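Just below is one structure, and these are the notes that go with it.
The values are calculated or read from the model by the stated rules, or taken from the named source; none is laboratory data. Quick caveat: nothing in here was measured; it's all calculated off a predicted structure. Don't worry about glycine lacking a Cβ; one is built from the backbone with ideal geometry, like all the others, and counts go over all protein chains shown. All accessible areas refer to the heavy atoms of the entire protein, side chains included, with ligands and DNA or RNA removed. Shrake-Rupley method; radii C 1.70, N 1.55, O 1.52, S 1.80 Å.
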Amino acid sequence: MAFSWRCLIFLLIAVSEIWLEPVLAKPERIVSINLCTDQLLMLLADRDRIISVSYLATKKDTSAMIREATGITKNHGRAEEIMLMKPDLILAGSFTSHPTVFLLKKLGYRIVEVPVIRNLDDIRQNIKTVAEAIGEPQRGIKMIANFDDRLSALQASPTTKKPIAVFYRENSYTTGGHTLANAILDTAGMLNLAKQLGISGSGHLPLETLLTHPSDILILGRKRSQKGSVAAAAFDHPAFKKLAESRLAITIHNPYWICGTPFVLDAIEHLVTVKKTWQKTLSSR
Amino acid sequence: MPLKSPLFSIEHCSLFLVLLLLTILTFAGSLIVGASSVGWKDLLSVFVGQESEMAHLILLEIRLPRALLGLMVGFTLGLGGAVLQGYLRNPLAEPGLIGVSGAASFGAVITIYTGAAGLFALALPLGSILTALFAVFLVQLLAGKNGGSLRLILAGIAVTSFASALTSLALNMAPNPFVSLEIMFWLMGSLADRSFEHVWLVMPFMIIGWALLFKLGRSLDALTLGEDAAQTLGFNLKHIRHLMIIGVALSVGAATSVSGSIGFVGLVVPHLLRRWVGHKPSALLLASGLGGAILLLTADIAVRLLTTGTELKLGVLTSLIGAPFFLFLIVKTKRNTMS
């Protein structure tokens, strides 16, 4: 009985604390448990307010902000380790481990979940969400304004003929409509073959389909190590090698393509340069 | 044929004492192991009511539900394995055989796929249990009213294969890589960061399931003489099968819905304990349940101790240890029968 009384009192105190707190107190101990919120947080908040970011923030293949993230405590998204950091705000992605997010919510922590993005407008929305959550709405507005300025500068280049690009990654994976990658292609003035073939989200592109449909630029995913893998076997296929010879094949810097951050503009900039190269080879032929 | 069949008999008293002690030990162990340094001293201070607020939260809201679920899921798998092996008189039977685990997994995957799992904490286990119950209805239908145990196994395999095909389909059609990742991780089985809501949700299903399964003890003893002999002794085979299917469906379905699929516990534990209870199916039930709880709690402690960063998944560990151990058991039994 004593135990349940203590429980009740504890609950009452917890509830009253939530009520008494001003609604938009500026959080001072912010923890992020998702790669994408890690980067938005580091871009928007002062370093001393960031208590921890996810362990992915310093991984070369995924994070665009390794330098900024070194020195910040890393977490692995486990409820217990996060509680010990005593955060007053937790940033999570909408597909971060659900049991953990629910448990932390139940324990009274303030959690802001940031959805997966599918287009450039979602980036503006996510910047706004995070900026407001951490109590820096002005920085968010400024970042969105900078984003839009740079974006319109990139789009200013005249669109003559749009090249058809196609993603062809390990295991013949491709990326179709309703994805960030598609939005990047579209903004850079390229067409997406996978989208034309009716693929939405990630999908499988058989080598035969790739060979029989017109394409100008092959996007081969990230730079790979020399060591081969079964997943990359399709790249060694003679038919593919022949195709790659007659097309412009490029590799991309993966971290720019994963999260809805202003780094997406670097991906677009890269593609705009690629497009110019392609137009030159086209006119020289 | 003694018709009275208690859960455990005096002759195996020492075995049950050891099992009970180990269960308590592993349960306590599960409470004092975690990512933070909160340990046994804090646990003791909870009993006197002098713990810090943080220790209180970590022990009672994070580790206690996890330990309770480890106990309940382990018990269910051990008990389910013992019942199925007894009923089918086949040492290779395991709780997932009648299709419940596969269906429950598929139900969970669908909630992740559609995004329903993100709406409220119990969406995933609820979806999972509902699918499991539907699958059992289907298995009953496929197995027929008077069908034998072979037909039941085939129906179970059919439902499992279909559910796993649908699970792969969901993975295949996942709208973005983050969804596929979450599904993959869920399928590996884990008890990390479960809360009391999960415990309260699955507890009624499990308790009813356990009660039904324990009622089978006597029938399982009779079935060791063969189905015909059991029938002449006055046991209603149809009734036994109904009890068994519904009991396994409720308990194992609920277990899978909170933990994901966890392999080998239900298969290995009855084997381990069978000879200690004199090969008597009714005595094996409680022993195997406790054994399952001990094994799962130990494995769940191990995943927290072995990996400091991202946790190793519980289902992966049980299969990693379970598979070689099972091989060892097979080799050993073969030697024993040959010599």
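The table below gives the values:
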{"quantity": "Cα shape, the stretch A:146-220, gyration tensor, a/c 1.5 rule", "calculated": "prolate"}
{"quantity": "Whichever lysines have a C-alpha closer than 22 Å to that of B:LYS332, once near sequence neighbours (fewer than 8 apart) are set aside", "calculated": "B:LYS280"}
{"quantity": "Dipole of the stretch B:10-338, positive direction: furthest Cα of B:THR256, B:SER105, B:LEU88, with charges on the beta-carbon", "calculated": "B:LEU88"}
{"quantity": "Heavy-atom surface of the stretch A:164-284, accessible at 1.4 Å and reported per residue (Å²)", "calculated": "47 Å²"}
{"quantity": "Debye, to nearest 20: dipole size of the stretch A:25-151, +1 on Lys, Arg Cβ, -1 on Asp, Glu Cβ", "calculated": "160 debye"}
{"quantity": "Accessible area per residue in Å² at 1.4 Å probe, computed on chain B", "calculated": "44 Å²"}
{"quantity": "Antiparallel %, DSSP beta bridges [both residues in the stretch A:85-226], to 5", "calculated": "25 percent"}
{"quantity": "Most fluctuating residue given options A:SER63, A:SER215, A:SER54, as computed from a GNM of chain A linking Cα atoms under 10 Å", "calculated": "A:SER215"}
{"quantity": "Proximal lysines to A:LYS128, defined as alpha-carbon separation beneath 19 angstrom and excluding residues fewer than eight positions away on the same chain", "calculated": "A:LYS26, A:LYS142"}
{"quantity": "GNM top mover of B:GLY49, B:GLY78, B:GLY148 - chain B, alpha-carbon springs below 10 Å", "calculated": "B:GLY49"}
{"quantity": "Residue-averaged 222 nm ellipticity for chain B, from DSSP H runs of 4+ at -39500 (n - 2.57), nearest 500", "calculated": "-24000 deg cm²/dmol"}
{"quantity": "Helix-only [θ]222 nm of chain A, DSSP H runs n ≥ 4, -39500 (n - 2.57) each, per residue, nearest 500", "calculated": "-14000 deg cm²/dmol"}
{"quantity": "Nearest-20 debye value, the stretch B:10-338 charge dipole, Cβ charges on Lys, Arg, Asp, Glu", "calculated": "1040 debye"}
{"quantity": "Cα gyration tensor shape of the protein assembly as shown, rounded if a/c is under 1.5, else prolate or oblate by comparing a/b with b/c", "calculated": "oblate"}
{"quantity": "Most mobile listed residue (B:LEU295, B:LEU306, B:LEU20) in chain B, GNM with C-alpha springs under 10 Å", "calculated": "B:LEU306"}
{"quantity": "Percent RCO, i.e. relative contact order, over chain B, from Cα pairs under 8 Å lying at least 6 residues apart", "calculated": "31 percent"}
{"quantity": "Global geometry of chain B, whether rounded, prolate or oblate, following the gyration tensor of its Cα atoms and the 1.5 cut on a/c", "calculated": "oblate"}
{"quantity": "Local electrostatic count, B:SER149, Cβ distance below 9 Å [Lys/Arg +1, Asp/Glu -1]", "calculated": "+2"}
{"quantity": "Relative contact order of chain A, defined on C-alpha pairs under 8 angstrom at six or more residues apart (%)", "calculated": "16 percent"}
{"quantity": "Cβ-based charge dipole, the protein assembly as shown, positive-most Cα from B:ALA132, A:ILE66, B:THR23", "calculated": "B:ALA132"}
{"quantity": "Carbon + sulfur, % of accessible area of the stretch B:190-339 - ligands and nucleic acids excluded, 1.4 Å", "calculated": "68 percent"}
{"quantity": "Unit charges on C-beta of K, R, D, E only; dipole of chain A, Debye", "calculated": "760 debye"}
{"quantity": "Axial C-alpha extent at least 24 Å, average Kyte-Doolittle at least 1.6 - helices from chain A (DSSP)", "calculated": "A:2-20"}
{"quantity": "Reachable lysines, given that their alpha-carbon falls under 19 Å from the alpha-carbon of A:LYS59 and they are not under 8 places away in the same chain", "calculated": "A:LYS74, A:LYS223"}
{"quantity": "Helical segments meeting 18 Å axial Cα length and Kyte-Doolittle -0.5 threshold in chain B (DSSP H)", "calculated": "B:13-32, B:64-88, B:100-114, B:123-143, B:149-172, B:196-214, B:237-259, B:281-306, B:314-338"}
